[in-house]
Amino acid sequence: MQHAERWITREMLVAFLIFGTLPLWVDSVGLYSYIGVEVVIWMIFALGFNLLLGYTGLPSFGHGAFFGIGGYAFGWFQFNMMPNLWLALLFAIVMTSIIGALVALFVSHRRGIYFALLTIAFGQIFFFIASKWTSLTGGEDGMLNIKRLPADFGFVSFSLQDNTALYFFVFIVFALVVIVLWRLTHSPFGKVIRAIKQNEMRVGFLGYNVYFYKWMVFTISCAVSGLAGGLFAMAQEGAYVQVMSLQWSGIVVLMTLIGGGFVSFWGAVVGTVVFFLARDLLGTYTEAWLLWYGLMFMVLVMFKPEGIAGMWQDAVKALRRRQIVASSPSAHPVGK
Amino acid sequence: MALFEAIHVHKRFGDHVVLEEINLSFEEHKLSGIMGPNGAGKTTCFNVITGRYKPDRGQVIFDGQDITGKPPRTIAQLGISRSFQVMNVFDEYTARDNLLLAVPGVRQKGLNIVHDLANDIEFNAKASDVLNRVGLAGKEDVLASDLSYGQRRALEIGIALAAEPRILFLDEPTAGLGAEATAELSAMINRLKQDVTIVIIEHDMSFLFGLADHINVIHWGQVVAQGSPDELKANKWVQSSNLGKLA
Amino acid sequence: MDFLYNLLPHLVNGIALGLLFALIALGFMLIIGVMEVINLAHGSLFALGAYIALVIITPEGGLAMPFLENWFGIAIVPRYVAALILAPFVVAFVGMGLEFCLRRTYGKDPLYGLLLTFGAALVIEEAIRVIWGHGEYVLPIPKEIRGGFIHADLIWSTYRVYAAIFSIAMIGLLWLFIEKTPYGAIIKAGAHDSEMVRALGINLPKLRTLVFGFGTALAAIAGIIMAPIWGIRPQVGVDAVVPAFVVIVLGGIGSFWGAVIAGLMVGMVVGLTAAFFSDWSLLSMYLLLLAVVTFRARGLLGKASALEN
């Protein structure tokens, strides 16, 4: 069990199996294959975001900005520098990391309300700049004609024009992101950031440089968001300013919490799937689906902020307890 | 020379003077006590010494080094560790993880994302050792939030101890404990004092008189008496105050 | 000198804006004071106020029913006054409903209260989109407060002057309420001392609900007054929350006159930026928030508060 689980876990294999085979069965459940591309990209975004919300307890309400910046950076690079997929994605990551690191300088000394409001302010600033700086971003019309560049490995090159091919590409990126973030959150670093969420002051009194850790998490989270944003621009064949609005920044918060980002690594993934299913299933019945989705979020915050993953964990716990009681009637049920 | 000294430390909040020209010195390998009635400035004194607040005037010296006004993390890195009066454990972590987080070796690996903490024999041995010393053996995998009140108090001290301090500050460790638990705690601290320098804030006089080598009495933000427990029992000020009656 | 002279009308616009910001901020502050919750939905309730006023004033607002023909047939002044009175009540009820939901988060990590009001903000905004669509509305106002007038060779906006005077009156009334009535004393006490509130035999949950309703009603009033200046859009609430927060932080949490002075400062900064770069005037507010929170997190009057946790 021990050493392999450091990198790959059973849950991961299940997730990879489900998403790795998605194009094979997605049509038969009444969905279409492009939705898979969007879902997987948003899962990457939500995983990156959850480093802040779920792991460090920092509610960023402006994260859509970094998702958006990643898209513009990806487009700008392929238009103005070189139409190379790897370099364009790398550029998206580097740009969002740099901008994220600068923003993090302002926000890493803050938490709670001040943190939330600062991230709203930064999000709005970037949204504003992106809407008005038409020569760079295309303003309200967006940055159009972004190419789905081929995945060139030197000896062999795959075209990603087709949605299924693109799906497999974003899936592989997703798998890599999952492995890296799983390792990150289950390393000493992950232990420290979760401790900061629980009791920031005590962590400082144990000799940790809390601000540095918060700065680091914020920057990493922005880098992952930028990667997702670059992929999204490729999928949509354009980068648009809407994803940077407060509403979209809010949606990633909603997704992550509903899925159970506070208690599970997989919360962000589950939440993204639920969001897109809600959009495509509820959306066919009512224009107001986002309203219902928001209400569901409010109900969860009130009654079960641990989200879907939390309910699952409770159910597993209850089941185990029942099994223990059933197998040895005299034994006391043990917690956990 | 004393391991830790506070020289002419002065602290105000607004126009309220909390500490007035405090002089304290704590000898290495000794257990020192700070006692005084509630609101006398004991906890503020700890907070100034361990970097939570900056003193307005005065100096704090640790092992010959001036640490006045340094941030808590720097002070902690030098080997000064403290527990809190209000419970400050990590509720979502098991007892073991609470302690692991405090181990300086883990802190040095804080940015290492490849390290496998769960299977690190050295660090886990350290955590187990501390759990034994604070009487929590067997509770390794229990979540801190599921521990009893007394166990959480012990864990609170354990976290401070796991930081491998050269000097350990304990803020009212008996707060909220019953007579039996207090006696257990007393025995535990008696064992700890064999290998670490300890400073305890307490208003439970009998507790402190039984443990301390040297006691400072603080009242109205000033040190009003100092000495060994026996000397203090003979001290006129202590006798005339209600503190003396407790002793 | 001419240049500065021509700036005068912009300054007045800024003052009107600033007083409205102060009004939003004071409603915000009442809520922080009594329950130490930041209501991120305050902006959405501000927007909701404007939409409900729209419904009351014009059939375009969605109530074009036959039996209401007589109502929409009467002169605009009584309709406008009715909106100013009724819309805040409706919004106050929504606010009280929100407070009821918030009760589940009292005593927990403040993060949950923050998330809940953020969710409420999105829900209200989305509800507005569903009911009134994505487009922009213009709130009809009586002709007495429309247009402009020329005074001392300069063109002044009648509405801005009206908005400024109205806000001053509202702020004055609020001040009288807080300083001169027993309710105000309780609200002030509730902020720091719920024990005293209990000792006075006051039902704290009820007090919280009422204050929440009152605070959101102020947001609605500000929303109605602001509507002709900013237009009515679903997302207009965000633009109101941020200045309110800037004002509160700048003025110092819990300080009535601090908020008023800070409101005026913020309004003038935004007003003057608008004179030169109208596209960027809202951006100046966000930059101001950054500057304030970075350099003066505890506000001009510098009190520690629960918000830092």
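Here are some notes:
- Single residue of the range B:36-71 satisfying the filter (modelled with pLDDT of 85 or more and in contact with a His (Cβ under 9 Å, 6 or more places away or on another chain)) that is surrounded by the most Cβ atoms within 10 Å (Cβ to Cβ): B:P55
- Residue check for A:G294: under 22 Å from the mean Cα position of the chain (by Cα) and either more than 9 Å from every other protein chain (Cβ to nearest Cβ) or touching a residue at least 60 places away in the same chain (Cβ under 8 Å) (or both): no
Yes/no matrix, rows are residues, columns are (1) over 22 Å from C:V37 (Cβ atoms); (2) away from every other protein chain (no Cβ under 11 Å):
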residue	(1), (2)
C:L102	no, no
C:Y112	no, no
C:G119	no, no
C:A127	no, no
C:I131	yes, no
C:I141	yes, yes
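- A:L254 more than 12 Å from every other protein chain (Cβ to nearest Cβ) and under 15 Å from the mean Cα position of the chain (by Cα): no
- Looking across the range B:141-160, the residues that are open to solvent by 10 Å² or more (accessible area, probe 1.4 Å) and within 12 Å of chain A (Cβ to nearest Cβ) come down to B:D141, B:V142, B:L143, B:S145, B:D146, B:L147.
- Scanning the range A:281-312 for residues that are more than 23 Å from C:A121 (Cα to Cα) and surrounded by 15 or more Cβ atoms within 10 Å (Cβ to Cβ) turns up A:A309, A:G310, A:W312.
- Enumeration of residues in the range A:113-130 that are more than 9 Å from every other protein chain (Cβ to nearest Cβ) and either over 16 Å from A:G71 (Cα atoms) or surrounded by fewer than 17 Cβ atoms within 10 Å (Cβ to Cβ) (or both): A:F115, A:T119
- Looking across the range B:97-124, the residues that are open to solvent by 60 Å² or more (accessible area, probe 1.4 Å) and not in a loop (DSSP other than H, G, I, E, B) come down to B:Q108, B:A118, B:I121, B:E122.
- Matching residues, the range A:82-112, being within 14 Å of chain C (Cβ to nearest Cβ), open to solvent by 90 Å² or more (accessible area, probe 1.4 Å) and part of a helix (DSSP H, G or I): A:L102, A:L105
- Under the condition of being free of Cβ contacts under 8 Å to residues at least 24 places away in the same chain and buried (at least 16 other Cβ atoms within 10 Å of the Cβ), the residues counted in the range A:65-81 number 1.
- Condition check for C:V130: loosely packed, with under 14 Cβ neighbours inside 10 Å, without any contact (Cβ under 8 Å) to a residue 24 or more places away in the chain and either within 17 Å of C:F214 (Cα to Cα) or not charged (D, E, K, R) (or both): no
- The residue that is surrounded by the most Cβ atoms within 10 Å (Cβ to Cβ), counting only those in the range A:165-180 that are more than 13 Å from A:M234 (Cβ to Cβ) and β-branched (V, I, T), is A:V178.
- The residue that is surrounded by the most Cβ atoms within 10 Å (Cβ to Cβ), among those in the range A:47-64 that are among the small types (G, A, S) and either outside any helix (DSSP H, G or I) or touching a Lys or Arg at 6+ places or on another chain (Cβ under 7 Å) (or both), is A:S60.
- Any hit, the range C:240-257, residues being polar (S, T, N, Q), in a loop (DSSP other than H, G, I, E, B), at pLDDT 80 or above and touching a Leu at 6+ places or on another chain (Cβ under 8 Å): no
- Scanning the range A:187-243 for residues that are more than 9 Å from chain B (Cβ to nearest Cβ), open to solvent by 20 Å² or more (accessible area, probe 1.4 Å) and outside any helix (DSSP H, G or I) yields A:E237, A:Y240.
- Which listed residue, of A:I41, A:I35, is within 30 Å of C:G119 (Cα to Cα), in contact with a helix residue (DSSP H, G or I) (Cβ under 7 Å, 6 or more places away or on another chain), modelled with pLDDT under 90 and open to solvent by less than 20 Å² (accessible area, probe 1.4 Å): A:I35
The values are calculated or read from the model by the stated rules, or taken from the named source; none is laboratory data. Just so it is clear, the model here is predicted, and its values are computed rather than measured. Glycine gets a Cβ as well: all are built from the backbone with ideal geometry, and neighbour counts include every protein chain shown. Just so you know, the surface numbers come from the protein's heavy atoms only, side chains and all, with ligands and any DNA or RNA stripped out. Shrake-Rupley method; radii C 1.70, N 1.55, O 1.52, S 1.80 Å.
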